[in-house]
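The values are calculated or read from the model by the stated rules, or taken from the named source; none is laboratory data. Quantities reported herein were computed from a predicted structural model and do not represent experimental measurements. Here the Cβ is made from the backbone with ideal geometry for all residues, glycine too, and neighbour counts use every protein chain on show.
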Amino acid sequence: MRATPLVYVDRSPLHAQVDSVLVDNVQAAFSATEHLLKLGHRRIGIIPEPLNLLNAAERLSGYKQALRAHGIRVDSKLIRPGDNTEDSGYRRALELFKLADSPTAVLMCNNRMTLGMFVAIRELGLACPRAVSIVGFDDFEWSAYLDPPLTMVRQPAADLGTTAARTL
């Protein structure tokens, strides 16, 4: 038994033997990917967090499940894990958009990496959503003020915190 109570909130290592409070990341990523598919996108990239994190692995799983459910082959070139920093979002976005058959949409799995994605889009002169559509995770208070507003998968932060406190 652990001497100090510990609860992971929002993310945990893949095989943690400790309580965790998480959203249904598989379903969230499935829904976000399906949203992009319903907009007509067929080449959808994803920039997940490091894949040693449970939420990243689950979001990648939901993305793959959505593609397969719509008869689209998963292209490993469109999967570019980042490291939770703006710089990795920027670098991974450049990698995606420099592909010969680059994506028309990208699912960003972290708000900091989403910021880096926007730097890459601006640097490459791409118009969002005309040239590329973006769906982000985690939400920003200011995402609605972008033109056009950024589509986000909102995390119920207050609910996660309350549940974690109760679990402790």
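With respect to Gly136, is the statement that it is on the phi < 0 side of the Ramachandran plot and modelled with pLDDT of 95 or more true? First the steps, then the outcome.
Numbers: on the phi < 0 side of the Ramachandran plot: yes; modelled with pLDDT of 95 or more: no.
No; evaluated as a whole, the condition is false for this residue.
Could you count how many residues in region 63-85 are out of contact with any Pro (no Cβ under 8 Å at 6 or more places or on another chain), among the small types (Gly, Ala, Ser) and buried (at least 17 other Cβ atoms within 10 Å of the Cβ)?
1
On the basis of being surrounded by fewer than 16 Cβ atoms within 10 Å (Cβ to Cβ) and free of Cβ contacts under 8 Å to residues at least 40 places away in the same chain, does Gln27 make the cut?
Working: surrounded by fewer than 16 Cβ atoms within 10 Å (Cβ to Cβ): yes; free of Cβ contacts under 8 Å to residues at least 40 places away in the same chain: yes.
Considered against the rule, which asks whether it is surrounded by fewer than 16 Cβ atoms within 10 Å (Cβ to Cβ) and free of Cβ contacts under 8 Å to residues at least 40 places away in the same chain, Gln27 comes out as yes.
Looking at Ala28, Ala32, can you tell me which residue is modelled with pLDDT of 95 or more, under 20 Å from Met152 (Cβ atoms), part of a helix (DSSP H, G or I) and of a type outside the set (Phe, Trp, Tyr)?
On the way: Ala28 fails: modelled with pLDDT of 95 or more.
Only one candidate passes the filter, namely Ala32.
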